[in-house]
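Working notes for the structure below.
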Amino acid sequence: MGALLLTAEAAAAAARAHQAAGRDARANASRERTSALAAVCQGARTPGLGPDALTSVLTPREREVAMLAANRTSSRQIAARLGLSVRTVDNYLSRTYTKLGISSRTELAALLEVQTPR
């Protein structure tokens, strides 16, 4: 878990640096990565992970759809699982891509990939 906390701290620092440089999409992507990593650490915190660093830029529904899409689930399957239309799923993914400054499910999967501790 120590390595995950260090990685989360690095992502938080990257988010602050991107924000300071005016790179909002990259800052959002780093914040999302920080949030995902910190969630795996089950409440463990360090000084580098202040309260603002743990806030996800995605809404809970956007995050839910993004996590399913990152696991190679099709929009049709996500829609059926969540009781949404395929169009709504694609709209959530479009907003997610914009917020995170990415353009594909491959990039989304790479961004949200978090190894759980063994």
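The values are calculated or read from the model by the stated rules, or taken from the named source; none is laboratory data. What you see is a predicted model; the values in this text were computed from it and never measured. Here the Cβ positions follow ideal geometry from the backbone for every residue, glycine too, while neighbour counts run over all protein chains shown.
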Is region 88-111 home to any residue that is in contact with a Lys or Arg (Cβ under 8 Å, 6 or more places away or on another chain) and on the phi > 0 side of the Ramachandran plot? yes
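With T55, T59 as the choices, which residue is surrounded by fewer than 16 Cβ atoms within 10 Å (Cβ to Cβ) and at pLDDT 85 or above?
On the way: T55 fails: at pLDDT 85 or above.
Of the residues listed, the single one that is surrounded by fewer than 16 Cβ atoms within 10 Å (Cβ to Cβ) and at pLDDT 85 or above is T59.
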Does region 31-52 include one or more residues that are modelled with pLDDT of 85 or more and either assigned to a loop (DSSP other than H, G, I, E, B) or farther than 21 Å from L5 by Cα (or both)? no
Flag for V65 being among the β-branched types (V, I, T), modelled with pLDDT of 90 or more and either closer than 24 Å to A10 by Cα or more than 14 Å from the chain's Cα centre (by Cα) (or both): no
Hey, any hits in region 86-97 for a residue that's touching a helix residue (DSSP H, G or I) at 6+ places or on another chain (Cβ under 8 Å) and exposed (fewer than 14 other Cβ atoms within 10 Å of the Cβ)? no
Would you mention how many residues in region 1-45 are closer than 17 Å to K99 by Cα, touching a helix residue (DSSP H, G or I) at 6+ places or on another chain (Cβ under 9 Å) and not hydrophobic (A, V, I, L, M, F, W, C)? 13
Only one of (1) out of contact with any helix residue (DSSP H, G or I) (no Cβ under 6 Å at 6 or more places or on another chain); (2) exposed (fewer than 13 other Cβ atoms within 10 Å of the Cβ); (3) of a type outside the set (V, I, T) fails for R76. Which number is that? (1)
